[in-house]
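Working notes for the structure below.
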Amino acid sequence: MAIPILLICLGAFAVVLVILVFVGIGLYNKLIDLRNRAENGWADVDVQLKRRYNLIPNLVETVKGYAGHERETLENVIKARQQAVDVTGDVAQQAQAENVLTGMLRQLFAVAEQYPELKANQNFLNLQAELSNIEQVLSEARRYYNAIVRDLNTAIERVPTNFIAMIFSFKKREYFEIEDAEAREVPKVDFGSRE
């Protein structure tokens, strides 16, 4: 009589163990999915940042033709661009570099505002429209990345996923945040209609 109870207990234990293994596999796969989506989201942000970086020299050259004596502003924009390009891998450093670059772009557009001929230049208008488009897509990519990072970080902190995360060394990710309240706004690139 004791043997069937022992077999039932062992069978129940085996079933619970199998269920726990499958739950653990499911949680592990969820973490892998979130990690891969976060990496993909960051790759999307990176692509848009590179598009932005590639546009800036053309924008500076166009402004330089009309506002050559604003050399310091133009050099600061190029310097900020290069610093942003040079950041690799660290989200917080990238965000800081982007803050500086956004501020420099604001100064560049403030300079451009002083030159009516520049504001009417078709090349400049095309570049500002392209930058505006890039800023919009970049904003969407940032929101997506931050949403995935939120989901990943939440999963890493919640029970029981946190045990799987700890066992397999899943790490929380940093948000791509713009700290300066002014820098949170897209740089103004609308110079109104032609005169």
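The values are calculated or read from the model by the stated rules, or taken from the named source; none is laboratory data. Just so we're clear, the structure is a prediction, and the values are computed from it rather than from any experiment. With ideal geometry, Cβ positions are generated from the backbone for all residues, glycine too; neighbour counts draw on all protein chains shown.
Which one of these is touching an Asp or Glu at 6+ places or on another chain (Cβ under 8 Å) and either surrounded by 12 or more Cβ atoms within 10 Å (Cβ to Cβ) or in a helix (DSSP H, G or I) (or both): Leu20, Leu49, Leu6, Leu74?
Values: Leu20 fails: touching an Asp or Glu at 6+ places or on another chain (Cβ under 8 Å); Leu6 fails: touching an Asp or Glu at 6+ places or on another chain (Cβ under 8 Å); Leu74 fails: touching an Asp or Glu at 6+ places or on another chain (Cβ under 8 Å).
Just a single option satisfies the conditions, and that option is Leu49.
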Just checking, which of Asn29, Asn54 is part of a helix (DSSP H, G or I), under 19 Å from Ala84 (Cα atoms) and polar (S, T, N, Q)? Asn54
Assess whether Ile78 counts as being of a type in the set (A, V, I, L, M, F, W, C), touching a Lys or Arg at 6+ places or on another chain (Cβ under 8 Å) and touching a residue at least 12 places away in the same chain (Cβ under 8 Å). no
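To keep it simple, each residue is scored yes or no on (1) free of Cβ contacts under 8 Å to residues at least 12 places away in the same chain; (2) more than 22 Å from the chain's Cα centre (by Cα).
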residue: Met104; (1), (2): no, no
residue: Ala112; (1), (2): no, yes
residue: Leu118; (1), (2): no, yes
residue: Glu130; (1), (2): no, no
residue: Asn133; (1), (2): yes, no
residue: Val137; (1), (2): no, no
Suppose the filter is farther than 21 Å from Asn162 by Cβ, among the β-branched types (Val, Ile, Thr) and at pLDDT 95 or above; does Val18 pass it? yes
